[in-house]
Each structure stands twice: as C-alpha cells, then as structure tokens.
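Okay, structure first, notes after.
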Amino acid sequence: MITFSARLYAVAQVGADTQGRIMDVRRMKMKVCLVGEAAVGKTSLIRRFVLDDFDDKYIQTLGTKVSKKELAFPKPTGEGPLKVDMTIWDIMGQKGFRELLKEAYFYGAKGILAVCDVTRRTTLDDLDDWIEGVYSVTGKIPIQFLANKWDLRDRAEFGEAEIQQVTRAYDSPFSVTSAKTGENVESGFESLAARILKERPAKTAQDE
Ligand code: GDP
Ligand code: MG
C-alpha cells in the first residue's frame, strides 16, 4: 500500500517536454490573500484571473471563498518547469469580519494582493490597516498593490503619485488594473507569484 502511493506520488512529479522527453516537474503550493475595502473589485479580479470573465453585478462576498489556479514558471536551470498551485483567498470587506477571522484567513499566506479602487480615495488609505492585519498573522510577506477600476480613470480620486507614496512605505510594486477590461490583471497576480518564488529560493526546489 505504501509502495503504491509512493509510486503515484512519483508519477505526479514527472511530465514530458515538447519532444516527449520525460522531465522533472516540480510543484509548489502558494496561498495568496486579497485584501481591501468592500466593492474595490477583489472578487471581480479573481474572477477575471481564474475564469477570464467579468460581471457587472455586485454580489457581496459572504465569508471567504477560495479559488485555485495553476501557474507555470520556467526554471532558469533547465530542470523543467515549476508548477505553482495558487490558492486565492477572497474575503468580505467588512473590518469586523477581518478582526474575527483574520487568523484563519491569513494563516499560511505567502503573499498579499492589496486592492484599492481609483474612484475612491479612502480605499487607498485603508490599505495600511489591512496590511497590518495580515502582517500580524504572517510576518512580512511580499505585497502587490492593485489600483483597480483603471477603466474609470477619468473619475479617479488619486493617481500614481499617491499610490507610490503608500507602496514605497512597503517597498512594493503596484499595477493599475481593470477587472472589467482585464488590463494588467494576469501580470499583477504573476508578478506577486514571481516575487514569492524569488524571495524563497531554497524552498522553490521542493514540495511543501
Ligand atoms: P469586492 O467587494 O472587493 O469583492 O468587489 P467586487 O468584485 O464585488 O466589485 C464591486 C463592484 O465593482 C461590482 O459591481 C463590479 O462589477 C465592479 N467592478 C469591479 N472591478 C471593476 C473594474 O475594474 N472596473 C469597473 N468599471 N467596475 C469594476
Ligand atoms: Mg467580494
């Protein structure tokens, strides 16, 4: 029985390249959390990234929802791609909820997508509190800021200078995104994943 499951495990670790050669595929799990005030577009960004779809209706997230997406990163050493199973945690925007469940929600997170809505200035200022909430559980982890609803930039209440003021304090990059048009959504998630991998080089080469 043990031998059987060990073999299954081994099979899961190999794939074939375009020439059909067997090569090693390494897998890694990665939990990321989206934070930010209600209605900034967290659920929509996940929907765009995972399903490549957008819905105008605002369906308030009840509790938490976890989505999954597999990403592949080439390994510079040529030993086969690194597959990342990203679990993406969506949360209700209410602060009371965050205080109540933050241990469960943020535990084990490897990175944060901190989302604000360019049409509402308060959503940028509130990110400090959200990030402190995550850090109190996880310690310092990579953050990618997403200034969302960029398709509505004509109505923006702040611009890149204000965003930079906040992100600089965390030494973290930002992207302007639109869940509606899809602009920069994929690259925003991927850039976070890449930084998580880069900052933990010893662990990328093994399963977790
Ligand atoms: P959440 O509370 O942070 O999860 O926000 P939602 O994803 O539910 O989005 C709130 C509302 O904003 C919904 O009506 C969405 O359709 C809308 N929305 C989300 N992202 C965008 C965007 O990039 N552009 C525009 N124009 N609307 C968006
Ligand atoms: Mg939501």
Exercise. How do 112, 91 line up, fewest other C-beta atoms within 10 Å first?
Worked result: 91, 112
Seminar exercise, completed: HN-Hα couplings for region 152-166 via Karplus (6.51, -1.76, 1.60; θ = phi - 60°), in whole Hz with x for Gly/Pro, come out as 9, 4, 4, 9, 5, 9, 7, x, 5, 5, 5, 4, 4, 4, 6
Exercise. What is the order of 86, 92, fewest Cβ neighbours within 10 Å to most?
Worked result: 92, 86
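Beyond 31 Å between alpha-carbons counts as too far, so tell me which of 57/198; 75/110; 69/198 fall in that bin. All intermediate terms of the calculation are to be shown ahead of the outcome.
On the way: 57/198 37 Å; 75/110 20 Å; 69/198 19 Å.
Listed pairs above 31 Å: 57/198.
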For this session: Please provide three numbers in whole Å: the alpha-carbon extents of region 25-203 along the principal axes, with the largest listed first.
Result: 48, 34, 32
Seminar exercise, completed: Most exposed first, judged by fewest Cβ atoms within 10 angstrom, 132, 183 run 132, 183
Exercise. Which cross-chain or sequence-distant (5 or more) residues have an amide H under 5 Å from the amide H of residue 175, H modelled 1.01 Å from N in plane?
Worked result: 145, 146, 147
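Since every read-out is calculated from the coordinates, none of them should be taken as a lab result. Please read all numbers here as calculations on a predicted model, not as lab measurements. Note: ideal-geometry Cβ built from the backbone for every residue, glycine included; neighbour counts use all protein chains shown.
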